[in-house]
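What follows is a short report on a single structure.
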Amino acid sequence: MPVESQRRLIHARIADFYHRTARILPWRAPPGANARPDPYHVWLVEVMLQQTTVAAVTPYFEKFTRRWPSLADLAAADPADVLAAWAGLGYYSRARNLIACAAAVMADHRGIFPEDLTAIRALPGVGDYTAAAISAFAFGGNAVPLDANVERVVARLFAIDAPLPAGRRAILFVAQ
């Protein structure tokens with residue numbers, strides 16, 4: 001089977017599995033919807049989810065988005081209020097980076113999250129995974145948010161048996 005046909009088949013199977021099994025979460029567009037989630041929501045939840053579970057993050061996400069419904073609202077917030085609302089999520093540097101990133105998007109991008117992967121990656125506190133997640137989920141970009149779950153699926157799918165972290169380069173190559 002030609003490589004492009006394999007790619008389309010794999011994509012279709014993974015998309016079908018997602019549409020059948022995806023959890024309904026407040027930051028996602030519903031499976032099958034012809035919509036993209038708000039980049040602010042994607043960024044916020046991806047930062048919250050770093051080293052934290054979905055079950056723990058969901059009430060924080062809902063509280064944050066009620067209190068600061070937009071990126072502009074978060075950028076205008078008192079940093080002490082943001083840090084207080086973050087209490088319980090740990091790693092307070094992530095909350096400080098939220099504040100800095102919101103301010104940078106307001107100042108450097110007229111309050112609109114950039115779509116370009118390089119521009120997203122340049123924002124304060126945004127690493128490779130988070131930039132790829134924002135690009136892919138919020139904008140449909142051709143970026144691969146490579147986390148342990150994606151690594152596991154891709155390694156099995158393509159029989160990559162090189163141990164991590166050495167196998168990560170091969171996994172990223174085929175995932176892209």
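Going toward the positive end of the dipole of the stretch 19-169, with +1 on Lys and Arg Cβ and -1 on Asp and Glu Cβ, which of ALA29, PRO39, GLY127 do you reach last?
After comparing all options, I get ALA29.
Mind giving me the FRET efficiency for ALA33 and ALA100? R0 is 35 Å, r the Cβ-Cβ distance, nearest 0.05 is fine. Intermediate results must be reported in sequence, preceding the final value.
On the way: r = 32 Å, r/R0 = 0.91.
After rounding, the FRET efficiency stands at 0.65.
For a paramagnetic label modelled at 7 Å from the Cα of HIS11 toward its Cβ, which residues of the stretch 157-176 fall within the zone defined by backbone nitrogen distances under 19 Å?
157-158, 172-176
What's the carbon and sulfur percent of the chain's accessible surface, probe 1.4 angstrom, rounded to a whole number? Intermediate values should be presented prior to the final figure.
Numbers: 5870 of 10380 Å².
It is 57 percent, rounded to a whole number.
What's the ranking of 41-49, 88-96, 71-79 by average number of surrounding C-beta atoms within 10 Å, highest first? The partial results should precede the final answer.
Values: 41-49: 22.4, 88-96: 14.2, 71-79: 16.3.
In decreasing order of mean packing, 41-49, 88-96, 71-79 become 41-49, 71-79, 88-96.
With every protein chain left in place and a probe of 1.4 Å, what is the accessible surface of PHE17, to the nearest 10 Å²?
Accessible area, nearest 10 Å²: 120 Å².
Could you compute the net charge surrounding ARG36? Neighbours are other residues with a C-beta less than 15 Å from the C-beta of ARG36; K and R count +1, D and E count -1. Spell out each step's value before the answer.
Details: positive: ARG28; negative: ASP38, GLU46, GLU115.
Its environment carries a net charge of -2.
If I model a spin label at VAL153 and ASP108 as a point 7 Å from the Cα along the Cα→Cβ vector, what separation in nanometres do I get?
In this crude spin-label approximation the distance works out to 3.1 nm.
Sort out for me the Cα centre separation of the stretch 11-65 from the stretch 90-141, rounded to whole Å.
16
Given contacts defined as C-alpha pairs under 8 Å and at least six residues apart, what's the relative contact order of the stretch 97-155, whole-number percent? If you can, show how the numbers build up before the last one.
Working: 56 pairs, mean separation 14.8, N = 59.
So the answer I get is 25 percent.
About the Cα centre of the chain, what is the dipole size in debye to 20, counting +1 per Lys and Arg Cβ and -1 per Asp and Glu Cβ, all else neutral? Provide the component values of the computation, followed by the final result.
Numbers: 18 positive and 15 negative charges, 90 e Å.
Once rounded to the nearest 20, the dipole reads 440 debye.
Applying the Karplus parametrisation 6.51 cos²θ - 1.76 cosθ + 1.60 with θ = phi - 60° to the phi angles of the stretch 18-34, what ³J(HN,Hα) value in whole Hz is obtained for each residue in order, glycine and proline being reported as x?
Using θ = phi - 60°, the values come out as 4, 4, 7, 10, 4, 6, 7, 10, x, 9, 9, 6, x, x, x, 6, 8 Hz.
For the stretch 91-98, in order, what is each residue's ³J(HN,Hα) by Karplus, 6.51 cos²θ - 1.76 cosθ + 1.60 with θ = phi - 60°, in whole Hz (x at glycine and Pro)?
The phi angles translate into 6, 5, 4, 5, 5, 5, 5, 4 Hz.
Of PRO163, THR65, GLY141, which is farthest towards the positive pole of the stretch 57-176's charge dipole, taken about the Cα centre with +1 and -1 on the beta-carbons of Lys, Arg and Asp, Glu respectively?
Checked the options; the winner is PRO163.
With the other protein chains left in place, how much accessible area per residue, in square angstrom, belongs to the stretch 62-133 at a 1.4 angstrom probe?
On the way: 3650 Å² over 72 residues.
Value returned for the stretch 62-133: 51 Å² of accessible area per residue.
Can you sort ILE120, ILE160 by 1.4 Å-probe accessible area, starting with the largest?
Working: ILE120 0, ILE160 35 Å².
Per-residue accessible area, sorted high to low, gives ILE160, ILE120.
Summing +1 for each Lys or Arg and -1 for each Asp or Glu, what net charge is found among the other residues whose Cβ lies under 15 Å from the Cβ of LEU146? Could you put the intermediate results ahead of the total?
On the way: positive: ARG121, ARG152, ARG156, ARG168, ARG169; negative: GLU46, ASP128, ASP147, GLU151.
Its environment carries a net charge of +1.
The values are calculated or read from the model by the stated rules, or taken from the named source; none is laboratory data. Just so we're clear, the structure is a prediction, and the values are computed from it rather than from any experiment. For neighbour counting, all protein chains shown are included, and Cβ atoms are generated from backbone atoms with ideal geometry for every residue, glycine included. Note: areas computed on protein heavy atoms with side chains; ligands, DNA, RNA excluded. Shrake-Rupley method; radii C 1.70, N 1.55, O 1.52, S 1.80 Å.
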